[in-house]
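Here is the structure we will look at, set down as structure tokens.
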Amino acid sequence: MLSFIITVLVLTGVMAFTTPGLLDKVRLGLDLKGGFEILYHAEPMEAGAELSRASLQKTAESLEKRANALGTSEPEVTTEGTDRIRLKIAGVTDEAEVRKKMKEPAVLTFRSAAEGDPQGTFSKIELVGSDFVEGAAEVQRNNLNQPEISIKIKDKKKFAEITKRLLGKEMAIYLDDQLLGNPPIVRAVLTDGTASISGNYTIDGARELADTINLGALPLKLTEKYSQSVGATLGKQSLDQTIKAGLVGSLIILIFMIGMYRLPGLLASFALILHTWLLIAVFVVADFTLTLPGIAAFILGIGMAVDANIITNERIREEMRNGKSILSSVKAGNKTSFRTVMDANVTTIIVAAVMFAFGTGAVKGFALILIVEIVLSIVTNLYFAHWLLTVLVKAGALKKPKQFGVKESDIRAL
Amino acid sequence: MRFKKELDFVHLSKFFYIFSIAITVAGLIFLATMGLNYSVDFKAGSNVDVSLSKNITLEQLKPALKDLGISHEPDITLGENRVNIRYDEVLDSNQDEALKAAVTKLDDKASFEINTVDTEMAKELARNAIYSVLISCLGIIIYVSIRFEWRFALAAIVALVHDAFIVVAVFSIFRLEVDLTFIVAVLTIIGYSINDTIVIFDRIRENLRFGKQKTYEDLKALVNKSVAQTLMRSLYTAFTVFIAAFFLLVMGGESIKMFSLAMVIGLLFGAYSSIFIASPLWLLLKKRQKQTVKSNPAKA
């Protein structure tokens with residue numbers, strides 16, 4: 001009995017104390033806080049060229065850098081499959097501008113300082129990405145064992161002319177309008193179309209530059225396959241409406257459980273509240289993003305979680321009506337209903353797992369929440385609720401069938 | 001609450017078979033002739049949902065949209081402080097912006113949700129949905145066959161495919177919009193509506209252990225008894241989820257309305273099919289086993 005009281009009090013305290021903080025920390029999806037999401041299909045600019053994993057990754061990174069540069073908050077860029085990139089941006093004021101900027105291929109240029117350029121700026125474009133031999137940029141080590149990048153240029157004559165003209169001068173490397181590293185200095189007239197770029201590069205820095213040059217040589221063309229854009233007001237409205245719907249629905253479920261099953265119903269309600277709290281905690285800890293379909297799964301899951309309690313309590317009542325004592329009814333009810341509930345839950349998990357494997361975006365999110373929710377409900381509404389009830393019955397707190405909602409007249413003699 | 005007089009569910013189920021077959025046939029006819037009312041999720045195009053601070057009229061909206069230079073005539077649905085504009089053509093980001101600007105002129109507090117899908121993407125979504133349904137069914141058949149026996153698995157699958165199909169049929173008959181969340185709803189129904197069926201089957205399995213059922217009449221009585229014993233809990237468990245789905249439908253966000261509606265319909269039919277379709281169907285399969293292999297005692 002003491003363990004029952006302590007458990008309930010401690011859990012209630014923990015839940016009451018932490019819930020406001022937890023709710024603030026739940027990360028909301030774009031459909032709830034406003035923003036836009038675009039799924040790009042990537043293909044090489046030149047027909048017939050191959051799309052490599054590295055170039056997709058690199059393009060995704062450059063998208064993220066661009067989104068950051070445009071001052072958006074926490075852009076999320078992920079690659080999907082072999083040729084897709086998903087981009088999520090919240091809180092954008094000029095959406096059209098951002099979308100246009102994002103779709104432009106990354107432009108790699110080698111530039112020299114033109115007449116009148118201030119110190120450290122370079123405006124004359126000498127070479128563009130397509131002047132480089134695709135995939136030829138590599139990291140090597142020079143005689144001093146320092147990393148350097150070897151490159152190959154398609155047009156030998158052009159390169160010879162450039163190196164001759166810029167001998168002893170700086171040639172800067174730009175990706176879009178961003179200067180990459182310290183500009184290297186042209187040290188020789190190069191006639192065979194190959195060159196190596198050295199500087200104070202770390203091995204990682206050198207590798208990144210080589211990748212960038214390779215990407216610049218073969219930029220990817222991005223086409224929008226799917227886009228979703230949600231205004232912040234509309235998102236907030238969806239969130240408020242749906243949460244309210246969930247609260248009303250949950251409240252009715254709780255009232256139903258208590259009205260129907262009395263004290264065991266109250267225990268089930270407590271388990272359900274614990275279940276909901278745990279689910280929110282899992283969201284925060286695992287850093288899941290809550291989307292509108294996610295909330296729907298959340299709310300439906302509450303209705304599904306109490307199924308375990310309904311099945312258990314109905315079974316217990318049945319055993320009582322058959323004339324068993326309260327303790328043995330509870331024991332038998334817990335035992336037999338356990339198997340039924342597990343079988344039912346496993347089938348739902350099978351479907352949710354398939355949805356997770358085959359779904360994309362919102363479907364995946366929905367399926368994941370459903371799985372987490374079912375697993376949690378096994379812990380709270382099956383194990384925990386069974387335990388609470390058993391403790392109370394053993395302590396002698398539940399002595400009358402009436403407390404289970406069973407009429408004395410319905411009980412058959414054994 | 002219990003029934004004083006035992007209902008003959010097996011007998012009643014004959015009428016429900018007819019009812020279910022009638023809906024299925026009607027659904028097939030509608031699907032074959034009218035198909036489904038696909039949203040942009042499945043059909044290339046753009047869907048624009050606008051939340052407004054005041055009501056605007058078609059007369060205001062139409063000329064405003066005309067100047068955008070979009071060749072297609074959009075479908076416009078007006079609602080209370082909302083408007084939905086749907087194009088069969090994918091809007092590019094400039095057109096998106098022009099549209100937003102045009103509507104914002106009519107109401108400066110307008111808030112937008114714009115969804116655009118390419119056909120290829122839509123086909124992929126539909127294909128994945130069909131794979132998901134097939135693989136889910138296969139998974140359930142395997143699991144139920146292991147835990148119970150194949151007859152239970154078959155009866156359960158028929159019942160849940162029935163539930164899923166009726167939802168699709170209702171959406172086809174009433175021309176309700178089918179979007180991506182609809183697929184999620186159908187899959188959830190498949191996963192959930194089997195729960196009630198499992199509860200009843202579990203009871204049939206348990207009751208089978210208690211006595212030897214020699215005749216078809218014995219088996220029939222057993223099924224009736226099992227359904228009656230679990231009837232209230234089947235209804236209650238369906239009720240709690242129904243409450244959740246129902247309030248999502250009437251109070252929840254606009255973009256999950258169709259999801260909630262599909263769930264509500266699916267849950268109702270799920271409860272119905274667990275009671276009146278699945279168990280009698282199992283009995284039908286079991287009866288054939290008795291007739292063919294008379295010497296073999298019924299296995300549980």
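The values are calculated or read from the model by the stated rules, or taken from the named source; none is laboratory data. No experiment lies behind these values; they were computed from the predicted model shown. As a convention, Cβ positions derive from the backbone with ideal geometry for all residues, glycine included, and neighbour counts pool all protein chains shown. The accessibility values were calculated without ligands, DNA or RNA, using every heavy atom of the protein model including side chains. Shrake-Rupley method; radii C 1.70, N 1.55, O 1.52, S 1.80 Å.
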Revision key, fill the gap. Taking every alpha carbon pair in segment A:165-314 and sorting the distances into 5 angstrom bins from 0 up to the bin holding the longest one, the percent per bin comes out as 2, 7, 11, 11, 9, 7, 5, 5, 6, 6, 6, 6, 6, 5, 3, 2, 2, 1, 0
Revision key, fill the gap. Among the Cα-Cα pairs of the protein assembly as shown, the proportion with separation greater than 52 Å, in percent, is 28
Revision key, fill the gap. Over its alpha-carbon atoms, segment B:45-117 yields an Rg and a Dmax in Å of 10.9, 29
Study note, to complete from the structure: Rounded to a whole %, the carbon-and-sulfur portion of the accessible area of segment B:45-117 at a 1.4 Å probe is 46
Revision key, fill the gap. The longest stretch of chain A containing none of the GluC sites (Glu not before Pro) that sit in a DSSP loop with at most 10 other Cβ atoms within 10 Å is A:116-414
Revision key, fill the gap. Filtered hits (lysines, Cα-Cα < 27 Å from A:K236, offset >= 8 within chain) -> A:K25, A:K33, A:K88, A:K100, A:K225, A:K244, A:K364, B:K54, B:K100, B:K105, B:K109, B:K257
Point to revise | DSSP-defined antiparallel bridges as percent of all bridges, segment B:34-184, nearest 5 | key: 90
Revision key, fill the gap. Over all directions, segment A:185-240 yields a Cα convex hull whose mean projected area in nm² is 8.5
**Study point:** Extent along principal axes [Cα atoms of segment B:75-120; Å; largest to smallest]
**Key:** 34, 22, 14
Review point. For the pair A:V128 and A:R53, what calculated FRET efficiency results from E = 1/(1 + (r/R0)^6), where r is the Cβ-Cβ distance and R0 = 35 Å, to the nearest 0.05?
Key: 0.90
Practice item. From largest accessible area down, sort B:H162, A:H275, B:H72; use a 1.4 Å probe on the protein chains. Key: B:H72, B:H162, A:H275
Review point. Using alpha carbon coordinates only, what is the Rg to Rh ratio of chain B, with Rh defined as the Kirkwood radius?
Key: 1.11
Practice item. Before rounding to the nearest 500, sum -39500 (n - 2.57) across all DSSP H runs of length at least 4 in chain B and divide by the residue total; then give [θ] at 222 nm in deg cm²/dmol. Key: -23000 deg cm²/dmol
**Study point:** List B:W282, A:W277, A:W387, ordered by accessible area with a 1.4 Å probe, largest first
**Key:** A:W387, A:W277, B:W282
Check your understanding: Per-residue ellipticity at 222 nm for chain A, helices alone: DSSP H runs ≥ 4 residues times -39500 (n - 2.57), over residue total, nearest 500 deg cm²/dmol?
Key -> -18500 deg cm²/dmol
Practice item. Quantify how much of the Cα-Cα distance distribution of chain A extends past 32 Å, in percent. Key: 56
Exercise for review: Using the heavy atoms of the protein chains and a 1.4 angstrom probe, tell me the accessible area per residue for segment A:1-128 in square angstrom.
Suggested key: 53
Practice item. Go through B:S234, A:S328 and list them by solvent-accessible area, largest first, probe radius 1.4 Å. Key: A:S328, B:S234
**Study point:** Total accessible surface hidden between A and B, rounded to 100 Å², 1.4 Å probe
**Key:** 6000
Exercise for review: Could you tell me the accessible area of A:I6 in Å² (1.4 Å probe, neighbours in place), rounded to the nearest ten?
Suggested key: 90
Practice item. Take every Cα-Cα distance within segment A:82-222, group them into 10 Å bins from 0 onward, and report for each bin the whole-number percent of pairs it holds. Key: 11, 37, 33, 14, 5, 0
